[in-house]
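Let me begin by presenting the structure, written as structure tokens, before commenting on it.
The values are calculated or read from the model by the stated rules, or taken from the named source; none is laboratory data. If you're wondering where the values come from, they're calculated on a predicted model, not measured in any experiment. As a convention, Cβ positions derive from the backbone with ideal geometry for all residues, glycine included, and neighbour counts pool all protein chains shown.
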């Protein structure tokens, strides 16, 4: 007879992501702002400015990223207000706070932005309905649903992010080959072959030519 509160997202993770976005955003990028976008299946926090050293977070081991402060004064203020714990631990705390949720946040960055995607623990897609009427959702949302259904708990967060980046570029429209995966993700031939094999194993792509593939609807 009592109400049981179940969080869609771990509050500690959301707080850390917002604090990090404010502290590490690039304030020299005029006309830009921090975005918090809420969807049925996820929450995204996007901050202007990529990694300070020019690297891409999806290609790194989150637990080994060194702390580099873009805005020292703001960092110091947040530390004095006790919104920050020890330096460089924000991303690790986000991951740790998601351990009981059985899903993982996705980190992505490029030269101009940094984005954290939080899966909604309470979201349960109706696969049969979507399969019978794919016009209900966008191509991107449909692919994200398939990705979560097939790969959640089976691959590392980095692999999940890399596959999503490939889909963002090629979608269902364009075919690609292993060399394209190497170039887009800036990875070695062996790693590109592993990702290609994974996509084939889970029926996410189909061959269009002997060495070319396309994402499968």
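Any residue at all in region 32-45 that is part of a loop (DSSP other than H, G, I, E, B) and out of contact with any helix residue (DSSP H, G or I) (no Cβ under 9 Å at 6 or more places or on another chain)?
So the first thing to find is which residues in region 32-45 are part of a loop (DSSP other than H, G, I, E, B), and the list is 32-34, 39-41.
Now restrict to residues that are out of contact with any helix residue (DSSP H, G or I) (no Cβ under 9 Å at 6 or more places or on another chain): 32-33.
Yes, there is a match, as at least one residue in region 32-45 is part of a loop (DSSP other than H, G, I, E, B) and out of contact with any helix residue (DSSP H, G or I) (no Cβ under 9 Å at 6 or more places or on another chain).
Based on this model, can you work out whether residue 146 counts as at pLDDT 75 or above, more than 30 Å from residue 54 (Cβ to Cβ) and not in a loop (DSSP other than H, G, I, E, B)?
On the way: at pLDDT 75 or above: yes; more than 30 Å from residue 54 (Cβ to Cβ): yes; not in a loop (DSSP other than H, G, I, E, B): yes.
So residue 146 fits the description; yes.
Regarding residue 217, is this residue surrounded by 14 or more Cβ atoms within 10 Å (Cβ to Cβ), touching a helix residue (DSSP H, G or I) at 6+ places or on another chain (Cβ under 8 Å) and modelled with pLDDT under 90? Break it down into steps so the answer makes sense when it comes.
On the way: surrounded by 14 or more Cβ atoms within 10 Å (Cβ to Cβ): no; touching a helix residue (DSSP H, G or I) at 6+ places or on another chain (Cβ under 8 Å): yes; modelled with pLDDT under 90: yes.
Judged against the criteria, residue 217 is not a match.
Among the residues of region 51-93, which ones are within 20 Å of residue 160 (Cα to Cα) and at pLDDT 80 or above? Talk me through it step by step, then tell me what you get.
Of all residues in region 51-93, those within 20 Å of residue 160 (Cα to Cα) come to 51, 55-65, 91-93.
Selection gives 51, 55, 56, 57, 58, 59, 60, 61, 91, 92, 93.
With respect to (1) more than 28 Å from residue 184 (Cβ to Cβ); (2) without any contact (Cβ under 8 Å) to a residue 60 or more places away in the chain; (3) touching a helix residue (DSSP H, G or I) at 6+ places or on another chain (Cβ under 7 Å), the lone exception for residue 108 is condition (1).
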